[in-house]
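The values are calculated or read from the model by the stated rules, or taken from the named source; none is laboratory data. Just so we're clear, the structure is a prediction, and the values are computed from it rather than from any experiment. With ideal geometry, Cβ positions are generated from the backbone for all residues, glycine too; neighbour counts draw on all protein chains shown.
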Amino acid sequence: MPQSVDVVVIGAGFAGLRALYSLREQGFSVAVLERDEEIGGVWNFNRYPGARCDVESFDYSYRFSKELEQEWRWSERYAQQPEILEYIRHVADRFDLRRDVELNTTVTGARYDRDAACWTVQSDDGRSWEAKYLLLAMGQLSTPKNTTYPGQDDFAGQVCYSARWPREGVDFEGKRVAIIGTGSSGVQMTPVVAAKAKQLTVFQRTANYSIPAANAPVSDEEDAQVKAHYAERRDQARNSPSGLGFKPDPRSATEVPEDEREVALEKAWNRLGFGFALAFKDILLNEESNALASDFIRRKIAEQVDDPWTREKLTPKGFPFGTRRPAVDGGYFKTFNRENVRLVDISETPLEGFTPTGLRTSAEEFDFDIVIYATGFDAFTGSLFGPEIMGGDGQTLKEKWADGPITQMGLGTAGFPNMFIIVGPGSPSLLANVLLSSEDQVDWYVDLLVKARDEGIREIEARPEAEKAWNAYVNERAKETLYMQTPSFYNGAEIPGKPRVFMPYSGGVRHYRRLLEKCAADGYTGFDLRKARADAKAD
Ligand code: N01
């Protein structure tokens, strides 16, 4: 017998747990289905050494409870993965969330029945749930690419994936280690692994821009200061373009005198981390401004790396800063000055595969004890396409989105009534503080469900013409930026054959929230709210 609830939420990460809390507060019954044996989503899976958040912890934390805000004590400006996971566990226990979370439950399929206005959700162990609503809170970077190179099965050493890190940890002491990939994960783990391993070789395909994290312990004074003014801080974050809490210099980088610009960039470099992109208002919008910022970073990299060949190879070229997600690091570039660290440029001498004792490029063979893949994810849609989600008209989500995701404001898609997505494609998602953005969406969503319950609404479904218009708008906004110039996971380039469409909404969290508010105030424009079946007259 299926278990019957009001809402099935898939995913017990930050977004899913927040949805559970708020839905329960409003009296809805909820089942959160989580494939792993623990809650936490990406913060549970990405346990690689050096993993930490690159949004400040005071901002990358829930805002729904003032008491929680006051009682939790972050130890560092950018918390490490174990501390973030501990925070998530604390929240789950403090608000008694675990009793509605089904762990070790991999959803294999979900099907909507228009006659019954009901979703049926199945898991791999044969259990099922019936729910009026389905909420997809599966994350944007939670399906790793699972890269393999030929010969991997015959490799005598250990192979690890950054996003499926062994729970028991990995001992690097005295080991020869390879890291493949230089995105945020590779950049974060490089200094930490280098400090332990006998030798570290980093295989780089594309040199990455990276900004220093300027991480530091949080002092008691700073903690007290933030907590005394937390509401203002949250407000500031929600009203900043990317949810990071600071606003760009309102001028163009091109209109500022050179010496003044250098001072501003230096200040941003030393403090802002990921927010360096906001040093001036148009770094991500104007090629000339971007070139000034990109050149500044290249000079900074040059100052850090001693060896001329390595320096040249580590210098990002051919794409504007920020159009692929930059990393935020804890001494990445300087790590290549260590005796035990070497860079291999696999864009020049491609990685061909494994040997029984290591890796082989077109130029050389290397012996390793441990090979780490930090090769990224099937971003945005990878997880949403995991289970077979069948809408009300016999089409799966994967089929419907064969040419790229299409949504009304990132929240719902026509043909899939009563199904909503949190921080998915079409919303600010990975271009913003994802946690802040997910709370905004959950608030909007729960208000809508309360209205539906109060007014006897049977089905909520995105309108086809509204989602077409939203997609066109997402593309228009993206064209105002430099993002489309560079192949990246923002536009589907990380997986061969994936539709090359721009996935997130680039207009910022503040603007997006205003649109959400307007949508609600105008009666949920772009959605049909029906009290009777779709083939009956819509209200
Ligand atoms: O993945 P990536 P990531 N052979 O896709 C290379 C978030 N995150 O896990 O660029 C060899 O950025 C690939 O090369 P190329 C954050 O949003 C956040 O590092 O395709 N190399 C690239 O260098 C981040 O942006 C934190 O040429 C291959 C790398 O692998 C996102 O997750 C920390 C390859 C992949 O980089 C993803 O980061 C960590 C192959 N077959 C992650 N395939 C925080 O701090 C790919 N590469 C919050």
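Being away from the ligand (no atom under 16 Å from the Cβ) and out of contact with any helix residue (DSSP H, G or I) (no Cβ under 7 Å at 6 or more places or on another chain) holds for only one residue in LEU384, LEU397, and it is LEU397. Listed by first and then second residue, the pairs linking a residue in the range 208-230 that is within 30 Å of THR315 (Cβ to Cβ) to a residue that is among the basic types (Lys, Arg) and more than 16 Å from the ligand (Cβ to nearest atom), with Cβ atoms under 6 Å apart and 6 or more places separating them unless they lie on different chains, are ALA214/ARG271. Among the residues of the range 297-325, the one identified as assigned to a helix (DSSP H, G or I), exposed (fewer than 14 other Cβ atoms within 10 Å of the Cβ) and of a type in the set (Asp, Glu) is GLU303.
Residue check: THR148 meets all listed conditions (1) touching a strand residue (DSSP E or B) at 6+ places or on another chain (Cβ under 6 Å); (2) not assigned by TED's automatic domain parsing to the domain that holds GLU38 but one, namely (1).
Listed here are the residues, each with its yes/no results for (1) under 25 Å from the mean Cα position of the chain (by Cα); (2) within 13 Å of TYR209 (Cα to Cα); (3) at pLDDT 95 or above.
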residue: LEU265; (1), (2), (3): no, no, yes
residue: GLU288; (1), (2), (3): no, no, yes
residue: LYS300; (1), (2), (3): no, yes, yes
residue: VAL305; (1), (2), (3): no, no, yes
residue: PRO316; (1), (2), (3): yes, yes, yes
residue: PHE319; (1), (2), (3): yes, yes, yes
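The residue of the range 195-212 that is nearest to the ligand (Cβ to nearest atom), among those that are of a type in the set (A, V, I, L, M, F, W, C) and either surrounded by 22 or more Cβ atoms within 10 Å (Cβ to Cβ) or under 16 Å from VAL371 (Cα atoms) (or both), is PHE203. In the set (1) under 20 Å from VAL423 (Cβ atoms); (2) under 16 Å from the mean Cα position of the chain (by Cα); (3) within 16 Å of the ligand (Cβ to nearest atom), the condition left unmet by GLY16 is number (3).
The condition of being of a type in the set (Ser, Thr, Tyr) and more than 17 Å from LEU431 (Cβ to Cβ) holds for only one of TYR524, TYR505, that being TYR524. Of the residues making up the range 158-165, none is free of Cβ contacts under 8 Å to residues at least 60 places away in the same chain and either crowded, with 21+ Cβ neighbours inside 10 Å or of a type in the set (D, E, K, R) (or both). Checking ARG176, ARG167 one by one, the residue that is away from the ligand (no atom under 16 Å from the Cβ) and at pLDDT below 95 is ARG167 and no other. Criterion applied to SER65, SER57, SER75 was being surrounded by fewer than 20 Cβ atoms within 10 Å (Cβ to Cβ) and touching a strand residue (DSSP E or B) at 6+ places or on another chain (Cβ under 9 Å), and the one residue passing it is SER75.
Kindly provide the set of residues from the range 43-59 that are more than 8 Å from the ligand (Cβ to nearest atom) and within 19 Å of GLU439 (Cβ to Cβ), ordered by number.
If we filter the range 43-59 for residues that are more than 8 Å from the ligand (Cβ to nearest atom), which is where we start, we get 43-45, 47-50, 56-59.
Listed by number, the residues that qualify are TRP43, GLU56, SER57, PHE58, ASP59.
If I filter the range 137-148 for residues that are away from the ligand (no atom under 12 Å from the Cβ), in contact (Cβ under 8 Å) with a residue 12 or more places away in the chain and either over 27 Å from the mean Cα position of the chain (by Cα) or part of a loop (DSSP other than H, G, I, E, B) (or both), do I get at least one hit? Don't jump to the end; show me each part of the working.
Of the residues in the range 137-148, the ones away from the ligand (no atom under 12 Å from the Cβ) are 137-138.
Next, from what is left, pick out any that are in contact (Cβ under 8 Å) with a residue 12 or more places away in the chain: 137-138.
Add one more test, that the residue is either over 27 Å from the mean Cα position of the chain (by Cα) or part of a loop (DSSP other than H, G, I, E, B) (or both), and what stays is 137-138.
The answer is yes; a qualifying residue exists.
Taken residue by residue, the range 100-111 has no member that is more than 16 Å from the ligand (Cβ to nearest atom), within 30 Å of ALA194 (Cα to Cα) and small (Gly, Ala, Ser). Scan the range 158-177 for residues that are among the small types (Gly, Ala, Ser) and touching a strand residue (DSSP E or B) at 6+ places or on another chain (Cβ under 6 Å) and report the count. Residues meeting the conditions: 1. The sole residue among ALA277, ALA264, ALA293 that is of a type in the set (A, V, I, L, M, F, W, C) and touching a strand residue (DSSP E or B) at 6+ places or on another chain (Cβ under 7 Å) is ALA264. Looking across ARG533, ARG500, ARG514, one residue alone is in a loop (DSSP other than H, G, I, E, B) and either within 30 Å of ARG114 (Cα to Cα) or over 19 Å from the mean Cα position of the chain (by Cα) (or both). It is ARG533.
Only one of VAL192, VAL218, VAL187 is touching an Asp or Glu at 6+ places or on another chain (Cβ under 8 Å) and more than 11 Å from the ligand (Cβ to nearest atom). Can you tell me which? Don't jump to the end; show me each part of the working.
Numbers: VAL192 fails: touching an Asp or Glu at 6+ places or on another chain (Cβ under 8 Å); VAL187 fails: more than 11 Å from the ligand (Cβ to nearest atom).
After applying the criteria, what remains is VAL218.
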